[in-house]
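The structure under discussion appears below in the form of structure tokens.
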Amino acid sequence: MPAWRYLNNFDWILFLAILAACSVGLAVIYSATTGTPSSGAFHRQMIWLGIGLVLMVLALLIDYHTLAEFSYVFYGIGLLLLALTLVFGRVVNASKSWLGAGGVQFQPSELAKVATILVLAAYMGRERVRGLGVIHFAAICALIGLPVLLIMKQPDLGTAVTFAPLFAGVVFVGGIRVRTLLILAVIATLALPLSWGHLKPYQKERVKTFLEPTRDPKGSGYQLIQSLIAVGSGGLMGKGFLSGTQGQLQFLPEQHTDFVFAVLAEERGFIGAFLALGLYFAIIYRCLATARAARDRLGVFLAIGVVCVFSGQALLNIGVVVGLLPTTGVPLPLMSYGGSSLASTLLGMGLVLNVWMRRLVN
Amino acid sequence: MGFEQDYKGFQDYYEARRLNVRILVIQALLGAVLVVYLLAFWYLQVVKVDHYRRLSDSNRLRRVTIMPLRGVIKDSENRVLANSRIAFNIRLDREKVPEMQAFLPRLAGILGIPETTLRERLAKYRGRPAFEPVILKEDVDLAEAAYIESRRLELPMLSVEVESRRNYLYGPLAAHALGYVGEVSEDQIKADPSAAYDLGEIVGKAGVEKQYDSGLKGVKGWKQVVVNSFGREIQEIEEGRKSNPGRALRLSIDLDLQRALEEAYADEAGSAVFLDPHSGAVLAMISRPAFDSNVFSRRFSQDTWEGLVRDPRHPLQNRVSLSKFAPGSVFKIIMSIAALEEGIATPARADHCTGSWRFGDKTFQCWAIRKGGHGYLKMREAIIQSCNVYFYRLGNEMGIDRISKWAHRFGFGEPTGIDLPHEEAGTVPDPEWKKRANPRDPVWHPGETISVSIGQGALEVTPIQMAVFAAAIGNGGTLYRPHLVLSREVREGVEEDEHQDYVVRRIDMKAKTLEVIKDAMWGVVNDEGTGGRARIAGRDICAKTGTAQVFKASRDVDADKLPKERRDHAWFVGFAPRDDPKIAWAVFVQNGGHGGTTAAPIARAVLERFFGKEDARTGVQQLASVAVSQ
């Protein structure tokens with residue numbers, strides 16, 4: 001099939017929505033970091049956006065079937081990098097999650113995430129199954145469990161958690177029976193109190209703080225309270241670009257990473273938050289549409305994998321900002337400052353665009 | 001295009017539809033969550049916007065107090081006694097020091113402060129934001145300030161802070177009248193929430209600085225500043241209020257008299273106060289040992305301050321209004337007035353002193369016992385010679401009730417109401433008082449009346465009470481409330497006299513009584529009496545000496561040869577000139593021995609200065625040289 005036909009079938013809406021989200025993110029990062037020690041973040045994010053877009057183009061130019069064929073190679077590389085990180089990684093905030101090559105630092109866990117999506121899709125696409133057998137279920141668990149274990153070892157709970165929506169999405173679309181789903185849900189609920197004992201003290205603190213933010217307003221409740229103040233004081237119209245006092249005066253911690261949406265809501269108000277949420281919904285909607293329109297199971301699971309990771313992170317992040325979820329430290333895809341996250345998200349979106357472009361059987 | 005065959009298409013229509021349904025379920029779920037989020041944003045940003053706006057403002061806006069300049073304190077001739085001066089402090093910006101430990105030895109050299117001291121000062125700021133400057137050296141001279149300022153490039157971490165500081169121009173002069181200032185204590189902040197004290201605010205702590213603090217301190221201003229999350233000031237907002245400088249205070253104290261008093265007092269301990277007998281205005285006032293009020297204005301004066309507080313001689317205590325002593329023979333004036341007014345005696349009443357008087361089973365001595373007593377005396381001689389026996393018997397005839405009645409009339413046993421923060425009332429004993437004060441021995445013994453008759457026993461008076469009493473004799477019976485403030489600034493540059501009625505009461509006395517008393521007191525100084533050392537020819541000084549016993553004098557001991565701390569306290573109380581008194585006083589010298597020996601010359605020195613100024617004012621100077629030559 002000639003290349004122009006693919007271009008004809010390109011999902012411009014998804015592509016433009018992604019670009020729009022990245023631009024908004026850049027603007028907010030600019031506003032949140034001007035005059036602070038992290039003022040170089042804007043330029044670095046620009047460079048990473050360029051790298052990410054190149055990766056995205058690569059990911060959509062090569063037929064996703066070809067990529068799936070080599071998925072186990074990518075997956076292997078991903079696991080290897082994670083293992084290397086545990087040995088040679090740089091320690092930031094008490095966790096070893098960065099790997100350096102020359103002057104460039106990146107988080108292998110982000111790369112491993114895309115590789116896992118790809119390998120899961122390849123597995124699910126290859127097997128012809130009605131419902132989801134025990135073997136298949138175990139295979140999915142193993143494919144996701146390996147990178148998750150390595151990431152938990154760093155330890156980077158925030159990134160590990162983002163694999164949960166991937167697991168849920170693949171298992172659900174893969175055809176798990178509703179009865180099995182309910183049983184799993186019951187087991188998970190019962191296991192919850194048991195897992196409390198295995199949480200680290202700071203993780204317990206986060207949950208307690210979420211349930212009662214004023215408990216420790218100077219300590220772990222501080223982020224949550226300051227985030228709510230930033231969002232709430234933005235009002236309907238917002239305080240204006242570069243005028244959000246919570247972000248500009250650095251009351252808001254992590255204002256250009258985990259709380260970038262709070263800065264957006266402070267400076268752009270409810271209108272801005274509404275439009276940004278709309279943008280995310282548009283991206284999620286287009287990804288799901290791709291899943292429904294895919295020409296084979298591989299395409300379906302690729303799109304599902306990407307959209308589950310993407311929406312899981314986005315909703316987790318924004319839920320924290322508005323105080324609906326406990327602090328997890330998950331970046332907002334496409335908007336938060338962070339090169340690895342941006343690049344891996346764009347890579348994933350490239351795969352979705354790839355599936356949409358090749359949805360028609362010639 | 002070879003790999004597509006490896007991936008299975010959909011098995012059938014049903015499988016495709018099942019996938020489709022499940023994807024739609026995911027879509028619905030995500031859509032629902034987004035709607036919930038949208039509602040959350042609506043709630044926070046539209047419903048609760050006012051609440052969060054307020055929180056946001058209180059986050060970033062800080063109210064900064066602007067301290068006003070403290071009011072000036074002047075003497076009666078508008079000479080400045082206390083003002084505020086500019087002080088230079090050297091501050092360290094810790095943020096600009098890359099390696100503190102390595103920098104400290106160099107810093108110690110630059111500032112001339114031991115490294116250990118620097119470490120201590122820095123330690124106090126541990127845990128405070130790093131941008132908050134540390135004051136390393138305070139109140140440096142202009143040269144040092146200039147040295148630091150001129151090396152800003154070389155030493156960017158050091159800067160000079162300009163601060164206003166209370167300044168007492170004459171150091172310890174009139175320290176107890178002026179008082180001192182210091183940082184407001186936590187107790188004060190709690191005790192008076194309406195005053196809205198700021199932490200570290202400078203307030204009056206003693207003397208008129210405390211008494212008139214509200215006017216002296218002025219009205220604080222404030223401004224709003226925007227701060228970031230570390231508390232650093234980012235910008236100033238127009239909103240705010242300027243501070244109003246403190247109001248000036250003009251005291252009735254005359255710097256010239258005060259200086260004369262300070263000089264004359266030399267190294268003695270005790271106190272003295274000089275009053276205008278026609279108003280009760282304090283012309284000079286001293287309490288020794290004293291302190292330098294400037295010590296309290298400094299930040300690093302902890303040691304000096306503790307030294308003053310712990311000093312067994314209590315230099316911080318204002319002995320003018322807080323120390324109580326027996327009035328000694330000065331009380332014989334009250335005895336005489338009471339006897340004359342109550343009709344117990346006439347001036348012609350004569351008695352024979354043999355040096356002692358046996359009453360009951362006790363012998364009461366006269367100080368003249370060694371020379372065999374005073375012999376026959378009338379009231380005037382009894383006062384001039386300060387004969388004890390004469391007043392023992394007079395007191396015995398009069399009874400304690402009449403004595404205490406007249407002592408109370410002259411203001412003893414009650415605070416004078418002087419405008420200083422604390423005052424003692426003293427004690428005028430009587431049977432009622434004894435019942436209350438001494439439950440184990442509640443009965444008044446006649447012998448106690450005998451002791452009170454010569455100003456001993458349980459009688460206790462303060463020097464300020466004595467001065468007020470002397471003024472009342474001099475002015476013909478008006479008891480004034482003594483005061484230190486002549487006028488106060490009411491608006492900037494506008495002073496208003498204190499229009500207060502300082503009259504406490506008028507004491508009704510026969511003209512004859514006053515004449516006799518004044519004549520006797522004149523005789524004490526001018527007619528071979530006990531106060532001869534205060535004599536200034538032509539000034540008609542009237543006074544009475546007194547001795548408050550510290551150690552029971554015995555017949556064999558020469559009082560002047562006792563060790564200093566066992567010697568009696570000396571009083572010298574009076575007014576001058578006799579016919580139209582212009583000044584009244586009480587001089588009290590602790591362990592001064594006899595009143596005529598140590599206290600009288602002090603009073604004389606001040607009186608010389610007083611009359612010298614008087615003469616200069618009226619253009620009559622002919623007597624000045626005579627007074628000195630006496």
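Throughout, read-outs are computed from the coordinates displayed, never taken from laboratory work. Note that the structure is a prediction, hence the values are computed from the model and not measured. Every residue, glycine among them, receives a Cβ derived from its backbone with ideal geometry; neighbour counts consider all protein chains shown.
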Setting aside same-chain residues fewer than 8 positions from B:Lys96, which lysines have a Cα under 29 Å from its Cα?
A:Lys218, B:Lys124, B:Lys137, B:Lys223
Place a point 7 Å from the Cα of A:Val91 in the direction of its beta carbon; the residues of the stretch A:152-179 whose amide N falls under 12 Å from it are A:155
Rounded to the nearest 10, the angle in degrees between the Cα long axis of helix A:163-173 and the longest principal axis of the Cα atoms of chain A comes to 40 degrees
DSSP loop trypsin sites (Lys or Arg not before Pro) with at most 10 other Cβ within 10 Å: longest gap in chain A:
A:219-362
Please compute one quarter of the surface area of the Cα convex hull for the stretch B:64-249 and express it in square nanometres.
13.3 nm²
Pull up the cross-link candidates among the aspartates and glutamates for B:Lys434, meaning alpha carbon to alpha carbon under 16 Å and not fewer than 8 places away within one chain.
B:Asp401, B:Glu448, B:Glu460
Multiply the residue separation of B:Arg54 and B:Arg617 by 0.36 nm, subtract the distance between their alpha-carbon atoms, and state the gained length in nm to one decimal.
196.0 nm
Under the √(5λ) rule applied to the eigenvalues of the Cα gyration tensor, what semi-axes describe the equivalent ellipsoid of chain B? Give them in Å, descending.
74, 29, 24
Helix B:255-265: inclination vs chain B longest Cα principal axis, degrees, rounded to 10, gives 70 degrees
If I model a spin label at B:Thr363 and B:Gln188 as a point 7 Å from the Cα along the Cα→Cβ vector, what separation in nanometres do I get?
5.8 nm
Cβ-Cβ FRET estimate between B:Lys378 and B:Asp311, R0 fixed at 45 Å, reported to 0.05:
0.40
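Given the stretch A:3-357, what whole percent of its Cα pairs are spread farther than 26 Å?
51 percent
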The protein assembly as shown -> Rg/Rh from Cα coords, Kirkwood Rh, value 1.28
Apply 1/(1 + (r/R0)^6) to the Cβ-Cβ distance of B:Tyr147 and B:Ala195, taking R0 = 45 Å, and write down the FRET efficiency to the nearest 0.05.
0.65
Take the stretch B:4-47, compute every pairwise Cα distance, and split them into 10 Å bins from 0; I just need the percent in each bin.
24, 26, 21, 16, 11, 3
Can you work out the PRE-style zone for B:Thr346? Point 7 Å along Cα to Cβ, and I want the residues of the stretch B:509-524 with backbone N under 19 Å.
B:510-520
Taking Rh as the Kirkwood radius computed over alpha-carbon pairs of the stretch B:252-345 and applying Stokes-Einstein at 10 °C with viscosity 1.306 mPa s, one gets a diffusion coefficient in µm² s⁻¹ of 98 µm²/s
Across bins of 10 angstrom width beginning at 0, how are the C-alpha pair distances of the stretch B:382-476 distributed, in whole percent?
15, 42, 34, 9, 0
Distance in nm between label sites at B:Glu495 and A:Ala139, each 7 Å beyond Cα in the beta-carbon direction?
10.4 nm
Enter the angle in degrees (range 0 to 90, nearest 10) between the Cα long axis of helix A:260-293 and the first principal axis of the Cα atoms of chain A, meaning the one along which they spread out most.
10 degrees
Extending each Cα 7 Å along its Cβ direction at A:Ile47 and A:Tyr202, get the distance between those two points in nm, one decimal.
2.7 nm
If the chain between A:Leu275 and A:Leu360 were fully extended at 0.36 nm per residue, the gain over the current Cα-Cα distance would be 27.4 nm
Between A:Ser39 and B:Asn244, how high is the FRET efficiency from 1/(1 + (r/R0)^6) when r is the Cβ-Cβ distance and R₀ = 56 Å? Nearest 0.05.
0.80
Filter the trypsin sites (Lys or Arg not before Pro) in the stretch B:407-495 down to the DSSP loop ones having no more than 10 other Cβ atoms within 10 Å, then list what survives.
B:Arg440
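Would you mind giving the mean number of other chain beta-carbons within 10 Å of the Cβ of each residue in A:227-239, as a whole number?
6
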Using alpha-carbon coordinates alone, the radius of gyration and Dmax of the stretch A:149-305 in Å work out to 19.8, 54
Other chains near B:46-53: what is the mean number of their Cβ atoms within 10 Å of each residue's Cβ?
5
Straight-line reach from B:Lys510: which lysines fall under 29 Å, measuring Cα to Cα and dropping same-chain residues less than 8 apart?
B:Lys332, B:Lys378, B:Lys405, B:Lys518, B:Lys544, B:Lys582
